[in-house]
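Input: a single structure, listed below in structure tokens.
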Amino acid sequence: MRRRMAIRFTGMVQGVGFRYTTRHLAAGFPRIAGTVRNLPDGSVEVIAEGDDPDLTSFADSIEDRMGGYIREAKRTYLPATDDLIGFRILH
């Protein structure tokens, strides 16, 4: 089942290469499309669409790689909109 997953990461997640690492990890999941961006409150938001197993593996890989910086990762699932192409960093 294709879905959209929004993840909000809190902790020391800005200024540590979080967005670039996330984009790099996304390259290993060619069926995932999405974005990553810093939010004004110091958190990082990832929006990704794909099949459930890929979304779970992608999110887990971010948490595994960046776990030392993450205090909390809140995942929210929504219906896919299929409006995302590739994976990119938003500024």
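Worth a mention:
- Pairs where the first residue, in the range 3-17, is farther than 12 Å from residue 62 by Cα and the second is surrounded by 16 or more Cβ atoms within 10 Å (Cβ to Cβ) and among the β-branched types (Val, Ile, Thr), C-beta under 6 Å, 6+ apart: 6/47; 11/70
- Hey, residue 59 within 17 Å of residue 10 (Cα to Cα), within 12 Å of the chain's Cα centre (by Cα), surrounded by 11 or more Cβ atoms within 10 Å (Cβ to Cβ) and of a type outside the set (D, E, K, R) or not: yes
- Evaluation of residue 63 against (1) in contact (Cβ under 8 Å) with a residue 24 or more places away in the chain; (2) in a helix (DSSP H, G or I); (3) out of contact with any helix residue (DSSP H, G or I) (no Cβ under 9 Å at 6 or more places or on another chain) (one fails), failing number: (1)
- Residue within the range 29-52 that is exposed (fewer than 13 other Cβ atoms within 10 Å of the Cβ), assigned to a helix (DSSP H, G or I) and of a type outside the set (Gly, Ala, Ser) present: yes
Only the coordinates and a few stated rules stand behind these numbers; no lab work does. This one's a predicted model, so the numbers in the text were calculated from it and none came from an experiment. When we count neighbours, we look across all protein chains shown, and the Cβ atoms used for this are built from the backbone with ideal geometry, even at glycine.
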